[in-house]
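The values are calculated or read from the model by the stated rules, or taken from the named source; none is laboratory data. Here the structure is a predicted model, which is why all the values come from computation and not from measurement. For neighbour counting, all protein chains shown are included, and Cβ atoms are generated from backbone atoms with ideal geometry for every residue, glycine included. With ligands, DNA and RNA removed, areas are computed over all heavy atoms of the protein, side chains included. Shrake-Rupley method; radii C 1.70, N 1.55, O 1.52, S 1.80 Å.
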Amino acid sequence: MKILSVTSEMFPLVKTGGLADVTGSLPKALSSLGVEMVTLLPGYPGVIDTIETAIPLIEFDDLMGETGRVLRAVQDGLVILILDIPTLYQRDGGIYLDDLGVDHADNWKRFAALSLAGARIGAGAIPDWVPDLVHVHDWQTALTPVYMRRVLGETKPVVLTIHNLAFQGQFSAETIDGIGLPSDIYEIDGLEYYSDISFLKGGLQFADAITAVSPTYAREILTPEFGMGMEGVLTSRRQALTGIVNGIDAAIWNPATDIYLKQTYSVRSIERRRLNRADLLHRFGLDHNSGCVCAAVSRLTWQKGMDILAESVDEMVANGDSLIIVGKGDRAIENAFRDAASRHPGKVAVHIGYEEELAHLVLGGADVLIQPSRFEPCGLTQLYALRYGCIPVVARTGGLSETIVDANDAGLAAGAATGIQFHPPSRQNVLLALQHARDLYKKPLVWRKLQREGMKSDFSWMRSAQQYAELYESLLNGPDIAAKNVPDPEPAPRLQLLS
Ligand code: ADP
Ligand code: GLC
């Protein structure tokens, strides 16, 4: 089976969040199942500069009026296709935002061009490598199936994965004139979205299968609370919607071999973790602490509930916890954490920025990862935390609710607990959950058991990659997609033991 994955980011070449982790690790897991996945992504500076040898394959001269070369490279054993259009992708700032944190004004063009190139390659533009199926991710590549069906007349199956419904590629209605689609696409069953257009809506209408990154999120997005305005479209496509939880790259996120850690450890030598904790405190200039060292490694946004965490800091410190923040995002939240760090020297430390190494150090040394997300399609950081013996304290939503077993009475009695859940995300609930964590932390045997259970839980890609492979197979060999995963209208079963 040959699959073309079209994505706007991919670890380790370019990453702003979990999307990159998924698109970087899924092809590796699939290859061990005999599925060949080749990835098309834009030639951002970080990509072009990292790849040593890239061979030009083809050239498209009409991608939204731009000429684009497709280069082929092999990175870490995986075949990558790079869409090189310097005017669109080689620029300062981030891949979506400029240096001031504002969306690049031509994002519609940048990602329409990527989607169209994906559609052409999907339809066979590279004669030596014609995929059987195309897999696209989020709004940035959601137009691929629209181009395939409405411009190229290509009927090959397309899977669209929703990593985050909050980002929908919404642009003014006039944008339709620049994206090379027939004008009748501007209608309710096409791209029209509250008098604007939405790239994501187009993908949701035209993809053969839609996956969300956890079964819980697949159910949640059918409701107005989590559907972000797309719940109607999603409900109309419910038979095509499934949930497949993300996996983690167990080679990259492994405390026994992690090159960033001062001291490696495994579930059998977990006591060695203490050295990393001490090193972490030292590195961040924090005092030795007998309370919990809490941490967040996150985009600092409303989705992640980081404003709620910022409001909780004073009481956390008063209760004896310390806090390390590694993240960037909304300026107001960044400043709130900076202020908190200056109010509480030795107790609160903040690194505003994105640094892969720090993510490893924090998870390898902190006692608690705090994640008060308002919604969380899957969440990967809590899975890394589990593997590193850092106890996740999470809001009970989306993927968080199904990957963490709550340390309530039943969870503890069964020896199955791996973290703490709270609901809904609020300052009061964050503080109560952290109080619970502190109580458990004071019982070393109980805490150790939580750590061990978390470290033993298996969130490697194998199971999820198998589910994707089955989905591809069913699309290629019959119309009946894995019906067992179709979201149930009933509330999500939670992976927590009720006391
Ligand atoms: P999302 O994709 O919504 O941001 P995920 O939990 O799926 O959330 O993935 C976040 C990924 O980004 C993880 O790999 C996490 O370690 C990483 N990450 C987030 N913020 C930072 C940061 N400031 N520095 C380093 N890594 C970060
Ligand atoms: C999104 C979601 C996150 C998910 C990631 C990878 O960024 O916010 O929950 O883990 O995509 O699928």
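Rolling a 1.4 Å probe across the protein heavy atoms gives the chain an accessible surface of 39 Å² per residue.
Applying 1/(1 + (r/R0)^6) with R0 = 25 Å to the Cβ-Cβ distance of Lys456 and Glu36, what FRET efficiency is obtained, to the nearest 0.05?
On the way: r = 32 Å, r/R0 = 1.28.
Step by step, r from the Cβ atoms, then E = 0.20.
Suppose R0 equals 51 Å; then what is the FRET efficiency for Ser236 and Asn289 from their Cβ-Cβ distance, rounded to the nearest 0.05?
Working: r = 52 Å, r/R0 = 1.03.
According to the calculation, E is roughly 0.45.
Extension gain for Val74 to Asn319 (0.36 nm times residue separation, less C-alpha to C-alpha distance): 83.1 nm.
Calculated [222 nm] ellipticity per residue, helices only, for the chain: -10500 deg cm²/dmol; basis is -39500 (n - 2.57) per DSSP H run with n ≥ 4, divided by all residues, nearest 500.
For Lys201, the lysines whose Cα comes closer than 25 Å to its Cα, not counting residues fewer than 8 places off in the same chain, are Lys15, Lys109, Lys156, Lys304, Lys484.
Bin width 10 Å, origin at 0, all Cα-Cα pairs of segment 206-312: what percent of pairs per bin? Bins of 10 Å from zero give 11, 24, 26, 21, 15, 2 percent of pairs. Listed peptides 153-163, 5-15, 271-281 appear in the order 5-15, 153-163, 271-281 once ranked by packing, highest mean of other Cβ atoms within 10 Å at the front.
For the chain, the orientation-averaged shadow of the C-alpha convex hull comes to 22.1 nm² (one quarter of the hull surface). Multiplying the residue separation of Thr16 and Asn335 by 0.36 nm and subtracting their alpha-carbon distance yields 112.8 nm. The label point for Arg448 and the one for Trp302, both projected 7 Å from the Cα toward the Cβ, are 4.6 nm apart.
Stretching Glu473 away from Thr50 to a fully extended chain increases their span by 148.9 nm, per 0.36 nm per residue minus the current alpha-carbon distance. Here segment 267-456 exposes an accessible surface that is 51 percent carbon and sulfur, computed with a 1.4 Å probe and the other protein chains kept in place. Under 19 Å from the Cα of Lys2, which aspartates and glutamates turn up, not counting those fewer than eight places away in the same chain? Cα-Cα hits under 19 Å: Glu36, Asp76, Asp128, Asp132, Glu154, Asp208, Glu470, Glu473.
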